[in-house]
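The values are calculated or read from the model by the stated rules, or taken from the named source; none is laboratory data. These numbers come from a predicted model, not from an experiment. Note that we place each Cβ from the backbone using ideal geometry, even for glycine, and neighbour counts take in every protein chain shown. Quick note on the areas: whole protein, heavy atoms, side chains included, nothing else; ligands and nucleic acids left out. Shrake-Rupley method; radii C 1.70, N 1.55, O 1.52, S 1.80 Å.
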Amino acid sequence: MAALSVALLIPRAKALPPPEAEKGRELVKQYADSIVAIELVGTLRISVNDKAMPPQESKVEVNGTVISPTGLTLTALSSVDPRGAMEAMRASRPSDGRKIEFGETEFKDVKLRLANGTEIPSVVVLKDPDLNFVFIA
């Protein structure tokens, strides 16, 4: 009975009228190449009580949006930079007297993968932590 009640609350998906569906397909065709896969390796340096720890590397693959004809691509900084997650983890735990510092994340092996599978070597050109943006060219 509970499943039936929940099912009644979920709006049913309706098929679009043919003219609207065709407009949607045209938009997908027109802008399909503006979404690309971003693959990169982020290296975060950490020091505990002024002693450098081994660098932490993480390979990340996320989607990005091409925002210019030159290929400038935008994605969320928080999706590629492990520093924010590490700082949040540190803030959520009680202090045990250790002084933990995080360096800037360095990015390497940055690639954009187009819809046709072509991989383009790229670089991170700007990080904006206030707006949570990272720009890749």
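Dipole magnitude for the chain: computed about the Cα centre from +1 point charges on Lys and Arg Cβ and -1 point charges on Asp and Glu Cβ, it is near 360 debye.
Amide H contacts of ILE100 (H built 1.01 Å from N, in plane; Pro and chain starts excluded): ASN49 sit under 5 Å, all sequence-distant by 5 or more or on other chains.
In the chain, the longest principal axis of the Cα atoms and the axis of helix 82-92 are about 70 degrees apart.
Computing the accessible area with a 1.4 Å probe over protein heavy atoms, can you report the carbon and sulfur percentage for the chain? Whole-percent figure for carbon plus sulfur exposure: 60. The label-point distance for ARG113 and SER92, in a model that sets each label 7 Å from Cα toward Cβ, rounds to 2.9 nm.
Skip the ligands, DNA and RNA, and give the accessible area per residue of the chain with a 1.4 Å probe, whole Å². Intermediate values should be presented prior to the final figure.
Numbers: 9820 Å² over 137 residues.
Accessible area per residue, the chain: 72 Å².
For Cα Rg over 2.2 N^0.38 Å, the candidate list reads (i) 1.49; (ii) 1.11; (iii) 1.23; the entry that matches the value derived from this model is (i). Comparing PRO82, PRO69, PRO55 in a Gaussian network model of the chain where C-alpha atoms under 10 Å apart are linked, the largest mean-square fluctuation is found at PRO69. Compared with the dominant principal axis of the Cα atoms in the chain, helix 18-31 is inclined by about 30°.
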